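Quick note: the coordinates plus some simple rules give every number you see, no bench work behind them. What you see is a predicted model, and the numbers here were worked out from it, not measured in a lab. Here the Cβ positions follow ideal geometry from the backbone for every residue, glycine too, while neighbour counts run over all protein chains shown.
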Amino acid sequence: MQKEIPVIYTPASFSYNPPYELFNGKVDTASETIERVRMILTAVAHADFTDIRISKVNGLPYVLNVHDSEYVDYIKRASDESKQEKSPIFPSVHPYVDFGRASNHVAERGQYVFDTYTPILPETYNATVAAAACAVEGAKVLMKEKKPVYALTRPPGHHAEKAKAGGYCYANNAAIAAQFLLDSGAKKVCVFDFDVHHGNGTQDIFYERADVLVVNIHAAPEYKFPYFTGYADEHGVNEGEGSNYNFPLNLKTGDEAYDLTLNKALAVIKKYKPEYLIASAGFDAHYTDPIGGLSLTTPYYRRIGNKIGELGVPVLSVQEGGYATEVLGQNVISYLQGILD
Ligand code: Q9C
Ligand code: ZN
């Protein structure tokens, strides 16, 4: 059997460079850098089991199948505004009543972006649509070839809600791929998210639906971003009741304890019997990650890949976080190798 993993990326991932983030009111170094994709691409180029492709799809129609058109239009307008102003766009006032209406550009900044870590730059809109296209192209390959695929998406996606950006994410690449598979005839898809942060965006998008099982393992919201969601009792509502699972972990959780939780999460997935699995693959649970807080090792990412591979479900891995740039490429390779084993 031929063993290879197509890697799909876009040059647009190299086009934007967040200058800083605002953390608790102070200017802080941006974590989500171009260096991240550079390190991953270098690592996959040196691995002999990868087949590197550039995405050619127009992502916009697929983005609009998941995100509100007013929100997508805002990201586009704010990108243009950033270019005019020669300055990144940050929010300052967030909606403080649930009947709030955003009718000027200051209000919109708070309406459509939920934190101060996610600036909008001149290139944000294009890069966002192009990254989503990588995930869709990955899903197309998955359907056709029924083999593991990896979408090297930057900006990442799992914090982006239907109508809000946040956590360095503007379009939810994994959710867009899942929706594409459903629109192409699949009945049951699972998104499994092992980024160290809770995938609040993916949870938001599918919270009332039973056609997508969303399973998350992450550092508990008591300690880590996104702070307000990711508790174990968030199970979904209405039709979606019972198709959302959260496995929050204590800080410093290492390979061994993580593995017990991983087994529980995979048992939930097995029981659901998805036709396709989308892995929201973040590598910020690594012990050297500057913002993560958990303690996984590089060899353990291979175990995660092994166990995902053993499910016997075609899997599309979509790149999320991972900020220890020195080891990011090795972590990705370790994980992908694990899927193939
Ligand atoms: N300056 C993803 O991993 N926290 N997003 C920043 C440190 C924001 C992470 C605090 C974490 C967002 C895709
Ligand atoms: Zn993360």
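Can you tell me how much longer the chain between His235 and Arg77 gets when fully stretched, taken as 0.36 nm per residue apart minus their C-alpha distance, in nm with one decimal?
Contour length minus Cα-Cα distance gives 53.3 nm.
Taking segment 42-88 on its own, what percent of its Cα-Cα pair distances exceed 16 Å?
Values: 678 of 1081 pairs.
Tail of P(r) above 16 Å: 63 percent of Cα pairs.
With N residues in segment 46-205, what two-decimal value do you get for its Cα radius of gyration over 2.2 N^0.38 Å? Could the numbers behind the result be given before it?
Numbers: Rg = 16.3 Å, N = 160, 2.2 N^0.38 = 15.1 Å.
Its radius of gyration relative to the 2.2 N^0.38 Å reference: 1.08.
Figure the gain on full extension for Asp48 and Glu310 (residue separation times 0.36 nm, minus the Cα-Cα span) and round it to one decimal in nm. Working shown, then result.
Working: separation 262, 0.36 × 262 = 94.32 nm, distance 2.16 nm.
Contour length minus the Cα-Cα distance gives 92.2 nm.
Suppose every Lys and Arg Cβ carries +1 and every Asp and Glu Cβ carries -1, with no other charges. What dipole size does the chain come out with about its Cα centre, to the nearest 20 debye?
Details: 31 positive and 41 negative charges, 145 e Å.
That gives a dipole near 700 debye.
For Lys273 and Thr297 in one chain, what is 0.36 nm times their gap in residues minus the Cα-Cα distance, to one decimal in nm?
Working: separation 24, 0.36 × 24 = 8.64 nm, distance 2.93 nm.
Gain on extension, Lys273 to Thr297, equals 5.7 nm.
How high is the relative contact order of segment 1-118, in percent, counting Cα pairs under 8 Å that sit 6 or more residues apart?
Numbers: 96 pairs, mean separation 29.3, N = 118.
After rounding, I find 25 percent.
For segment 1-71, place one equal point scatterer on every Cα, skip the solvent, and apply the Debye formula. What is log10 of I(q)/I(0) at q = 0.12, 0.14, 0.15 Å⁻¹?
Those come out to -0.55, -0.71, -0.78, one per q.
Please give the charge dipole size of segment 269-338, origin at the Cα centre, charges +1 on K and R Cβ atoms and -1 on D and E Cβ atoms. Round to the nearest 20 debye. Provide the component values of the computation, followed by the final result.
Numbers: 6 positive and 6 negative charges, 84 e Å.
Roughly 400 debye for segment 269-338.
Compute from the Cα atoms of segment 169-316 the Rg and the Dmax, the latter being the longest Cα-Cα distance, and quote both in angstrom.
Cα only, segment 169-316: 14.3, 41 Å (Rg, Dmax).
Beyond 22 Å, what share of the Cα-Cα pairs of segment 237-341 remains, rounded to the nearest whole percent? List each step's numbers first, then the result.
Working: 1665 of 5460 pairs.
Result for the distance tail: 30 percent.
Of Lys187/Lys224; Lys83/Lys188; Lys3/Lys56; Lys162/Lys270; Lys3/Lys273; Lys3/Lys164, which ones are farther than 31 Å apart at the Cα? Walk me through the numbers on the way to the answer.
On the way: Lys187/Lys224 34 Å; Lys83/Lys188 41 Å; Lys3/Lys56 24 Å; Lys162/Lys270 27 Å; Lys3/Lys273 24 Å; Lys3/Lys164 39 Å.
Lys187/Lys224; Lys83/Lys188; Lys3/Lys164, as the Cα separations exceed 31 Å there.
Near the amide H of Ala151, under 5 Å away, which other amide H atoms are found, from residues 5 or more places off or on another chain, if H is placed in the peptide plane?
Ile8, Ser317, Val318, Gln319
Summing +1 for each Lys or Arg and -1 for each Asp or Glu, what net charge is found among the other residues whose Cβ lies under 11 Å from the Cβ of Ala174? Please report the intermediate quantities before stating the final value.
Values: positive: none; negative: Asp193, Asp195, Glu320.
Neighbourhood net charge equals -3.
On the first, second and third principal axes, largest extent first, how far apart are the outermost C-alpha atoms of segment 1-131 in Å?
Rounded to whole Å, the extents work out to 57, 34, 28 Å.
Where does the Debye-calculated log10 I(q)/I(0) of segment 113-175 sit at q = 0.16, 0.22 Å⁻¹, using only Cα point scatterers of equal weight, no solvent?
-0.51, -0.82
Place +1 on the Cβ of every Lys and Arg and -1 on the Cβ of every Asp and Glu in segment 35-150, take the dipole about the Cα centre, and give the residue among Tyr96, Ala107, Leu64 whose Cα lies farthest towards its positive end.
Leu64
Which of the peptides 120-128, 47-55, 135-143 is most tightly packed, and how do the rest follow, judged by the mean count of other Cβ atoms within 10 Å per residue? Could you put the intermediate results ahead of the total?
Working: 120-128: 22.8, 47-55: 15.8, 135-143: 25.2.
The packing order, highest mean first, is 135-143, 120-128, 47-55.
Sorted from largest down, give the three principal axis spans of the alpha carbons of the chain, whole angstrom values.
If we take the Cα atoms of the chain, the spans are 56, 43, 41 Å.
What FRET efficiency do you get for Glu85 and Phe228 if R0 is 22 Å and r is their Cβ-Cβ distance, rounded to the nearest 0.05? Could you put the intermediate results ahead of the total?
Numbers: r = 30 Å, r/R0 = 1.37.
For R0 = 22 Å, the calculated efficiency reads 0.15.
Report the convex hull volume per residue for segment 210-258, counting only C-alpha atoms, in Å³.
Details: hull volume 3.9 nm³, N = 49.
Measuring per residue, one finds 79 Å³ for the Cα hull of segment 210-258.
Using +1 at the C-beta of Lys and Arg and -1 at the C-beta of Asp and Glu, which of Tyr301, Gly240, Phe283 has the Cα lying farthest in the positive direction of the dipole of the chain?
Positive-most Cα among the choices belongs to Tyr301.
Which value in Å does the Kirkwood hydrodynamic radius of segment 224-298 take, with 1/r averaged over all unlike C-alpha pairs and then inverted?
Working: mean 1/r = 0.0714 Å⁻¹.
One decimal place: 14.0 Å for the Kirkwood radius.
Tell me, how many Å apart are the Cα centres for segment 1-38 and for segment 167-230?
Between the Cα centres of segment 1-38 and segment 167-230 lies a distance of 19 Å.
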